[in-house]
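Note sheet for the following structure.
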Amino acid sequence: MRKSVAFGGLLLVFAFLLIAAVNLHGFGDPTNTEMDDYFIHNGQRQTGANNIVTSVVFDYRGYDTLGEATVLFTAVSGVLIALRKEGGEE
Amino acid sequence: MMSKIVRSMTRPLYPFIILFGAYLVVHGHLTPGGGFQGGAVAASAIALLVVAYGGTRMFRKGTLTAMESSGLIVFISLAMVGMATVFFYNFLANGGPIFGEAIFYGPNPGYFNTAGVIPLMNMAVGLEVIGGLGVIIIALGKKAFEVME
């Protein structure tokens, strides 16, 4: 009984994944291209950077990079706190 | 402490790893890579030193922590300088005194003196990442060698 229920659930999940896989867009053929076209056509002129990925990461979406930097800072603080010497400061 | 082969190969190799990381950071606005990737590559040199020698005398924890904090502060203050227009405004691009050269649209060989505030931010983030990852690697390595003994 339990096994058949598990098998049925597995089939259900598999069917959903199969439907999603069939309905995928073709490679290089997204639904909305306005954003990509904007970056490709204006990125070089507006930021002066040849590398459009960098111009997106550090200019158009600077907040995201700020968050990443803060995450790294938090990770370092956490590691140093977890591995501190026991009993008193260094 | 690894074998003599690993130690004697680490010594000539690690400056070049740091150099490659610095190249990735400084050319972030022209070639693939950037602050995070270049900093990670440079931190891998510290990891190599820690693994081969069981610790580094060259990179101290205090220096690396200072590098990390100063990198983050420089990054945020560069973002704040553009505050007159908007947070993270690229105030140096296309006409600033440094990195201010304009480029034309389309394929070009890539000129270093472009992209405004982006290379400066790349360097700040690279400094931060090498400091942060280096501190993590040194702290974890120290603890691991303590546990092994």
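The values are calculated or read from the model by the stated rules, or taken from the named source; none is laboratory data. Quantities reported herein were computed from a predicted structural model and do not represent experimental measurements. We place every Cβ from the backbone using ideal geometry, glycine too, and count neighbours over all the protein chains shown. To get the accessible areas, we keep the full protein, side chains included, count just its heavy atoms, and leave off ligands, DNA and RNA. Shrake-Rupley method; radii C 1.70, N 1.55, O 1.52, S 1.80 Å.
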Inset, instruction - Could you check the simple spin-label distance between A:Leu80 and B:Lys4, using points 7 Å along Cα→Cβ, in nm with one decimal? - result: 3.9
Inset, instruction - Under a cut-off of 29 Å between alpha-carbon atoms, report the lysines in cross-link reach of A:Lys85, not counting same-chain residues fewer than 8 places apart. - result: B:Lys61, B:Lys142, B:Lys143
Inset, instruction - Could you let me know the centre-to-centre spacing of region B:107-149 and region B:59-84, using Cα atoms, in angstrom? - result: 12
Inset, instruction - Can you tell me the FRET efficiency between B:Tyr23 and B:Glu101 if r is taken as the Cβ-Cβ distance and R0 is 25 Å, rounded to the nearest 0.05? - result: 0.80
Inset, instruction - Pull out a ≥ b ≥ c, the square roots of the eigenvalues of the alpha-carbon gyration tensor of region A:11-85, then state rounded if a/c is under 1.5, prolate if not and a/b is larger than b/c, and oblate in the remaining case. - result: oblate
Legend entry - region A:1-86: GluC sites (Glu not before Pro) in DSSP loop, at most 12 other beta carbons within 10 Å: A:Glu86
Legend entry - Candidates B:Glu68, B:Glu101, B:Glu128: whichever shows maximal mean-square fluctuation once chain B is modelled as a Gaussian network with Cα springs under 10 Å: B:Glu101
Legend entry - chain B: most fluctuating residue of B:Thr85, B:Thr56, B:Thr65 per GNM, C-alpha cutoff 10 Å: B:Thr85
Inset, instruction - Rounded, prolate or oblate: pick one for region B:1-121, where a ≥ b ≥ c are the square roots of the eigenvalues of its C-alpha gyration tensor, a/c under 1.5 means rounded, and failing that, prolate if a/b is larger than b/c, else oblate. - result: oblate
Legend entry - 222 nm mean residue ellipticity, helices alone, for chain B (DSSP H n ≥ 4; -39,500 (n - 2.57); rounded to 500): -22500 deg cm²/dmol
Inset, instruction - Quote the FRET efficiency, to the nearest 0.05, computed for B:Asn108 versus A:Phe27 with a Förster distance R0 of 25 Å and r equal to the Cβ-Cβ distance. - result: 0.35
Inset, instruction - Taking every pair of alpha-carbon atoms in the protein assembly as shown, give the share separated by more than 33 Å as a whole percent. - result: 39
Legend entry - chain B: most fluctuating residue of B:Ala115, B:Ala93, B:Ala139 per GNM, C-alpha cutoff 10 Å: B:Ala139
Inset, instruction - Mind ranking B:Lys61, B:Lys4, A:Lys3, A:Lys85 by accessible surface for me, highest first, 1.4 Å probe? - result: A:Lys3, B:Lys4, A:Lys85, B:Lys61
